[in-house]
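Read through the structure below, which is laid out as structure tokens, and then see the notes.
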Amino acid sequence: MTATPLETVLFIAFGAVAIAGALSVILARHAVYSALGMLVNFVALAAMYIMLSAEFLGIAQLIVYAGAIVVLFLFALMLIGGRRPAEQGRLTGGLAAAGSALVVVFLAEIAYLVMRLTGTAGAKGTVTPDVIAQLGHIQLLGATLLLEYILPFELASVLLLVGIVGAVMLARARRQSRQE
Amino acid sequence: MDAIRYLLILSAVLFSIGAAGVLIRRNALVIFMCIEIMLNAVNLTFIALSRQLQSLDGQIFVFMVMAVAAAEVAIGLGIIVSIFRHKPTTDVDDVSLLKG
Amino acid sequence: MLAYAWLMLLFPLLGVLINAFFGRRIGKRAVSWVACSAIGLSFLVALGVLMGTAGSTGVEQPLFTWISAGSFHVEFSLLLDPLSALMAAVVTGVSFLIHIYSIGYMAEDPRYARYFTYLNLFVFAMLILVLANNYLMMYVGWEGVGLCSYLLIGFWFERKAAADAGKKAFIVNRVGDMGFALGIMLIFAMFGTLQFSEVFRRAPGILGPAAVTAITLLLFVGATGKSAQIPLYIWLPDAMEGPTPVSALIHAATMVTAGVYMVARNHVLFDMAPTTAAVVASIGAATAFFAATMALVEKDLKRILAYSTISQLGYMFLAVGVGAYAAGMFHLTTHAFFKALLFLAAGSVMHAMAGEINIQKLGGLREKLPRTYAVFAVGAAALAGVPLFSGFFSKDEILWRAFLHSPVLWLVGLGTAFLTAVYIFRALFVTFWGETRAEKKLWEHAHEAPAVMSIPMLILAVLAVIGGYIGLPRLSLVEGYLEPVLHAEHAAEAGATEWVLLAVSALIALGGIALAYYLYVVRPAVPANLSKQFAPLYTLLSRKYYVDEFYMAVVVEPLRQVGRFIAELFDPRVVDGAVNGLARLAGVCGEGLGTLQNGRVRSYALSILVGVVIILGYFLLR
């Protein structure tokens, strides 16, 4: 996989933005800022998806994550935690310290693994960026989903249905318990 | 450094940030956001490798992860709100009835 | 008829089931009808089998496969041959009469149905023992009759004496049964089968002298337990705490003779082991003699009969020990008649005298109970061996065979015969003759038993008289009948010796009766003087040679000490300590692990991360 100089610059830029967004999620004092940092992270990733010839997923990332999910988080914040001060002190004792240390070890391990990767070995598929540009990403993805992965696709719809029903049940249970 | 290594390391960094957030924050909503960050980091890996291997299979996974994440957020936020109605706190350390 | 032999087992089993489940609802009349007709029908089948097996060497009738596990294969089969048929006929016949007698004797008992259930169960188990074609089935019957014996001895378990006697019988029998079980295991180890016919066929080829001696000695240990021989006889006198018909049936006529039957059944093995045969004969003779001496001074009428039973069983073992299996079975048969008769007569006395059984508090009963007196006299005459009564023939047969084998054994047997005549006629004279020593109220209420009790006694009395003629030395029906199974070696033609011996034993019996008459009727003061003069001997006899005390000191007390040690020190400290320690350990572990389960989601997440790091590290370092 080669990249033009412009692409390289853009990759680095979006990557920096994504990291900055993620860091602001975990460092922000107020949860609303966290949600906004998450939004930044999602948008930066969506841009990277599009640059990686996965246009449909990039759009879906914007709609589902940056749209629906962030908005849901904000609703939840407004409902319960919007006006409450953030918790005192983010680092709580040895647990957090040990956790941070472990995360660093984890990152080092992954980095070592990635660096040890031997070039671009592995089975090459037929779906090159040129093919995608020619046939269109949505068409290709749609064909793959509905031909090869039809069963997981349908199961995903069942999963979403279950999610809807579950959310409704949670809401109902709340109302009933209040009536009592 | 070629692009694939850069992307993989980027996603590892994002994943680590998410994991660290889960460990150091106590606000249930923020922890939940960190989980979303981790999911997205994995998605980035899938897409990068899909491009590298010139196959759409990885993107199918991303699609499924998105579907699961949507459902999970709906349910998860519902649960958090339910807990809040029961006991007005968003601190996960206050919800520890199941301790041994 | 042989094809229907299984009905013999079925009827008592049906009786058990009906009386056990519906006995309390259907009333006493129905219970007695069910129980008695079950045994009666079983007796008819047994008679048919008895005729059908005449002259045959035995038919095996498989009913079903009981156990089939690997090389271990046991059929549930009936072995129908003259030996088992004779035994089955005696068992069912005497049982039938005693069942009928029990209707009268137990009429007032609140646990009437339970009594008859046990009695039927006993007959069922006894028939399994008798008809078994393999050792395992025989063992099942053997234990079954032991169980029934225990249940019936302790039938009136409200009385501590009865409950204790039941336990004693059960525990003492365990010792013998252990020997029997070990013998069976040894047989299986040697032969790989438990079927009688196979074992007997292959025994000469497989067993060396040591092995066959070991097996037969172990089997004989079982026999001493069940048949109350030295050293395991101590349970039988105490077993008299049970209802009298039970004493008559189980502890005189049938179950206690199972040991004799078992030895006769295994005569092939016992013939191969002269050492064991000598042991059997010696123990039989010794038991016969010592039990008779104890009967001389006993005051309890039923216990006199119990010692008499032990003594007569000793005779039977003497017979089988010297190889006279047919004579042993013959004496078993006649003994079943006259001893059951004597017990039933004793029961009739108890019935009349409100349970009084101490002969020194009776006396003169011949006025009040003429019929009972008559049948008791017949039974006593048969037991004492008065000529022309059944016991005379069977005892004489044994003594003659013992004489041919060893004059010493004959002498002991003869001495026992003398003592037998003395003690049983002492019991007769003291109970039925002279002035009564009973309380006035009891004496006035004394009455003859109802017909349902006296008719079985009359039938048994007739059998006690004529029972001997089937085995007359000249006719020798029993021996001839058993011939195909036992291959009884025909003793040399009798001639003069036998007639002399016959005359001697007749004289001995009559002499014993005469002595008893002199001591207890003509000069009743003499026995008391004698007992004072020979006080140590009298005490020794009346305390039964201190055998019970000996067992108490040597076996029971040490066991009790061990038990106390275990109960008071070992159990609470070591066993409970170990258990409690383990529980505490589990608790401590649980508490330690419980701190991990702290309810904090983030520490769980940390654990997951630790796992991930470790697994990744493993892949890195691989």
For chain C, the per residue accessible area (1.4 Å probe, Å²) is 41 Å²
Per the rule of 0.36 nm per residue minus the C-alpha distance, extending C:SER68 to C:ARG111 adds in nm 11.5 nm
Computed Rg/Rh for the range A:1-86 (Cα atoms; Rh = Kirkwood radius) stands at 1.08
Of all C-alpha pairs within the range C:1-150, those more than 18 angstrom apart amount in percent to 56 percent
Per residue convex hull volume, Cα only, chain C, in Å³ is 231 Å³
Take the range A:125-180, drop everything but the C-alpha atoms, weight them equally and run the Debye formula without solvent; then report log10 I(q)/I(0) at 0.16 Å⁻¹ to two decimals.
-0.65
Hey, which of these cross-link pairs are over 23 Å Cα-Cα: C:LYS299/C:LYS339; C:LYS226/C:LYS302; C:LYS160/C:LYS544; C:LYS302/C:LYS544; C:LYS28/C:LYS302?
C:LYS28/C:LYS302
Tell me the total accessible area that C and A bury against each other, 1.4 angstrom probe, in square angstrom rounded to 100.
1100 Å²
Calculated diffusion of the range C:67-121, Stokes-Einstein form, Kirkwood radius summed over Cα pairs, 25 °C and 0.890 mPa s, µm²/s
173 µm²/s
Please give, to one decimal in nm, the separation of the simple spin-label points placed at C:ASP576 and C:SER37, each 7 Å out from Cα toward the Cβ.
5.8 nm
Semi-axes of the range B:2-86 from the Cα gyration tensor (sqrt of 5 times each eigenvalue, largest first, whole Å) come to 29, 17, 4
Where N is the number of residues in the range C:476-622, Cα Rg divided by 2.2 N^0.38 Å
2.84
With a 1.4 angstrom probe the carbon and sulfur portion of accessible area for the range B:2-86, in percent, totals 77 percent
Rounded to a whole %, the carbon-and-sulfur portion of the accessible area of the range A:1-86 at a 1.4 Å probe is 79 percent
Scan around C:SER77 for amide H atoms under 5 Å from its own, H built in the peptide plane at 1.01 Å from N, and keep only partners 5 or more places away or cross-chain.
C:LEU63, C:ASN133
Accessible area (Å², per residue) of chain B, counting only protein heavy atoms and a probe of 1.4 Å:
35 Å²
For the pairing of chain A with chain B, what total accessible surface becomes buried, with a 1.4 angstrom probe, in square angstrom to the nearest 100?
7000 Å²
Cα lying deepest toward the dipole's positive end in the protein assembly as shown, options C:ILE614, C:MET8, B:LEU53, charges on Cβ
C:ILE614
Within chain C, which complete DSSP H helices have Cα atoms spanning at least 24 Å along the helix axis and a mean Kyte-Doolittle hydropathy of 1.6 or higher?
C:112-131, C:274-297, C:407-432, C:496-517, C:601-621
Within the accessible area of chain C, what % is carbon and sulfur when the probe is 1.4 Å and the other protein chains stay in place?
70 percent
Contact order normalised by length for the range A:1-86, with contacts defined as Cα pairs under 8 Å and 6 or more residues apart; what percent is it?
27 percent
Square roots of five times the C-alpha gyration tensor eigenvalues of the range A:1-44, ordered largest first and given in whole Å, equal 27, 8, 6
Once the mean of 1/r over all distinct C-alpha pairs in the range C:551-622 is inverted, the Kirkwood radius in Å reads 17.2 Å
For the protein assembly as shown, how big is Rg over Rh, using alpha carbon atoms and the Kirkwood form of Rh?
1.37
Give me the angle, in degrees from 0 to 90, between the Cα long axis of helix B:3-24 and the longest principal axis of the Cα atoms of chain B, rounded to the nearest 10.
10 degrees
Apply the Kirkwood formula to the range C:243-349: the hydrodynamic radius equals the inverse of the mean of 1/r over all pairs of different alpha-carbon atoms; give it in Å with one decimal.
13.9 Å
Exercise: per-residue mean of other protein chain Cβ atoms within 10 Å, A:16-28:
5
Normalised by the number of residues in the range C:1-157, what is the relative contact order in percent for Cα pairs under 8 Å and 6+ residues apart?
27 percent
Could you list log10 I(q)/I(0) for the range C:313-370 at q = 0.16 Å⁻¹, which the Debye formula gives when each Cα is one point scatterer?
-0.63
Expected unfolding gain across C:ASP164-C:LEU507 under the 0.36 nm per residue rule, minus the alpha-carbon gap, is 119.3 nm
Alpha-carbon centroid distance for the pair the range C:497-549 / the range B:45-100, whole angstrom:
105 Å
Taking the Cα atoms of the range C:283-421, report the difference between the largest and smallest coordinate on each principal axis, in whole Å and largest first.
47, 26, 18
For chain C, calculate the relative contact order in percent as a whole number, restricting contacts to Cα pairs under 8 Å that are 6 or more residues apart.
12 percent
Could you tell me the calculated FRET efficiency between C:ALA496 and C:ALA525, based on Cβ-Cβ distance and R0 = 41 angstrom, to the nearest 0.05?
0.40
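The values are calculated or read from the model by the stated rules, or taken from the named source; none is laboratory data. As the structure is a prediction and not an experimental result, all values here were calculated from the model. Glycine gets a Cβ as well: all are built from the backbone with ideal geometry, and neighbour counts include every protein chain shown. To get the accessible areas, we keep the full protein, side chains included, count just its heavy atoms, and leave off ligands, DNA and RNA. Shrake-Rupley method; radii C 1.70, N 1.55, O 1.52, S 1.80 Å.
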